[in-house]
Amino acid sequence: MTLLSKAITALGGLLLGHACYSAREHTTLLSLRAATAATLTSSPTAAGSLPLDIIIETIVSTFIILVGLVLGTRPLRPIEWRVWAGKIEREGEEGFTDSSGAVDKDFVGNPFSLLEARPNFVDIRKQRRDFSEWVRKGDAQRAQ
Amino acid sequence: MAPSALQPPTRLSPAAALALSQQAPAILRSSTSIAYPPPLNKLLSGSENSEKWLQYENLIMSCLRTGDDQAAHACLRRLIVRFGDDNERVQALRGLVKEAEARNNGALEEVLKEYNQILSGNDTNIPIAKRRIALLRSMGRLSDATSALVQLLDFSPTDAEAWSELSDIYVSQGMYSQAIYAMEEVLVLAPNAWNIHARLGELQYMAATAPGVASGSYQQYMAEAIKRFSRSIELCDDYLRGYYGLKLVTKRLLIEGALAAKQTEGSEFTLPDTNTIERLNELATAKLSEIVRRSLSHDRGWRGYSEGDIAVARDLLGEDESQVTR
């Protein structure tokens, strides 16, 4: 996906560069011809605009670049509450990782889980007891 | 994957808490050990981010849990240097460390006395008030804890966490109607919290199945439970907990089918008719089996559920099947 978008963007850039180059060449050529024509006849005729194919190439290449960039964006976040909530429950952290495998910085899981976890009311002594119990159980299992 | 130190660790499994507290030395090492007091910190240590302090706070909790008191003290020292000795949150964290290290009841009384002293100086110190309530509860003085909590809610009625704690205390004493009331207050403050809707549904179900419930209120509780679970599903696609509860309630109602036929008229919440309950049950079964199937086969995008939850859901579905084959 990202490779495709990069390729399209690069192609668009190449075309745009080509269009710019053509436009520059065209104006140089035109002014040269105008200079030579001016020495022959005194009428300033060739102030003309760019040829149609260069204009079309510029516009088309801009659109190609746009398509490439749009294809390369990350998938949009859901804007419906239930879809977003479902994504959190169903996919967990996985749904909020980017292509490099790092979890989004602002991902907190279910933001309302705090209301059930209640960190300010934590019973630290019970947690300590439970933990040492868990360690002892693990040791006993390993000993068997 | 190791859990992030940015989220409160109270609900982590023991293994995850251990992994988190083992990150502590690395995190302590990665940041400079000298934290400068406020006017100097901007000049000397560059920009600081709030995440760092949140990390320290969570590390203290998980280190205390795993018994790594040294790391907890190191984190606490940095917070004290940064925010000062009389910051309310720092005070609460220091109390937490003392509670965890208390060896006997006398030491706990000492900590409690300290809390009382702080509160007598400033009785709107909410973090300390919460610690005091938690300590009272931990010491088994439930009535004291309840009255202190009610007092706290009196002057801070928009504290959803405190309402939730109150509900939990009532549940532990079997006072379901009070617990439901407190949970409804949480919902008033956080109306879109799908897990709280499911929790309320669970409370209604517990209240309905408690021994010695009159038949009228039994039906009302069950009807409410269906509503709450349905709402939690409405707020969250593929919510395992919501579907599990819905299936549990509708299954029980279908088994007692005859009872549902003669409802008390005029009560606020009446049960839906049998047809609707049956369809709800079918929906919950279908959804649950889809979740279990896809989660067990580790499909992409279905790995967020905890293994324990999936196992319990599978047991519930299995029960169903064995009944059908019989």
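The values are calculated or read from the model by the stated rules, or taken from the named source; none is laboratory data. Model, not experiment: these values are computed from the prediction. Glycine gets a Cβ as well: all are built from the backbone with ideal geometry, and neighbour counts include every protein chain shown. To get the accessible areas, we keep the full protein, side chains included, count just its heavy atoms, and leave off ligands, DNA and RNA. Shrake-Rupley method; radii C 1.70, N 1.55, O 1.52, S 1.80 Å.
Miscellaneous remarks
- Helix B:126-138 axis versus longest C-alpha principal axis of chain B: approximately 60°, rounded to the nearest ten.
- Of B:C236, B:G304, B:A71, farthest towards positive along the dipole that unit charges on Lys, Arg, Asp, Glu beta carbons give the protein assembly as shown: B:A71
- Of the residues making up the stretch B:218-261, those losing 10 Å² or more of accessible area when the isolated chain is joined by the remaining protein chains, with a 1.4 Å probe, are B:E234, B:L235, B:C236, B:D237, B:D238, B:Y239, B:R241.
- log10 of Debye I(q)/I(0), alpha-carbon scatterers only, for chain A at 0.09, 0.14 Å⁻¹: -0.64, -0.92
- Compared with the dominant principal axis of the Cα atoms in chain B, helix B:160-172 is inclined by about 60°.
- Solvent-accessible area of A:E116 with every protein chain in place, 1.4 Å probe, in Å² to the nearest 10: 20 Å²
- Accessible surface, chain A, averaged per residue in Å² (probe 1.4 Å): 69 Å²
- Residue ranking by accessible heavy-atom surface, 1.4 Å probe, largest first, among B:K247, B:K287 comes out as B:K287, B:K247.
- Relative contact order [Cα under 8 Å, 6+ residues apart], chain B, whole percent: 8 percent
- When Rg and Dmax are taken over the Cα atoms of the protein assembly as shown, they come to 31.7, 115 Å.
- Karplus-derived 3J(HN,Hα), 6.51/-1.76/1.60, for each residue of the stretch B:299-306, Hz, glycine and proline x: 4, 5, x, 10, 9, x, 7, 7
- In the context of the full protein assembly, B:M175 retains an accessible surface of approximately 70 Å², using a probe radius of 1.4 Å and ignoring ligands and nucleic acids.
- The mean sequence distance of close C-alpha pairs (under 8 Å, at least 6 residues apart), as a share of the length of the stretch A:2-72, puts its relative contact order at 67 percent.
- For chain B, calculated [θ]222 nm from helices alone, where every DSSP H run of n ≥ 4 adds -39500 (n - 2.57): -24000 deg cm²/dmol
- Charge dipole of the protein assembly as shown (Cα centre as origin; +1 on each Lys and Arg Cβ, -1 on each Asp and Glu Cβ, all else neutral): 1040 debye, rounded to the nearest 20.
- Within chain A, the selection of entire DSSP H helices by a Cα span of 20 Å or greater along the long axis and an average Kyte-Doolittle value of at least 1.6 returns A:52-72.
- Largest accessible area first, the residues B:H73, A:H18, B:H197 order themselves as A:H18, B:H73, B:H197 under a 1.4 Å probe with ligands, DNA and RNA left out.
- Remark: the stretch B:37-191 carries a charge dipole of roughly 480 debye about the Cα centre, counting +1 on each Lys and Arg Cβ and -1 on each Asp and Glu Cβ.
- Taking a ≥ b ≥ c as the square roots of the eigenvalues of the alpha carbon gyration tensor, the stretch B:149-301 is oblate, as a/c is not under 1.5 and a/b does not beat b/c.
- Note on chain B: with charges restricted to the Cβ of Lys and Arg (+1) and Asp and Glu (-1), its dipole about the Cα centre is near 820 debye.
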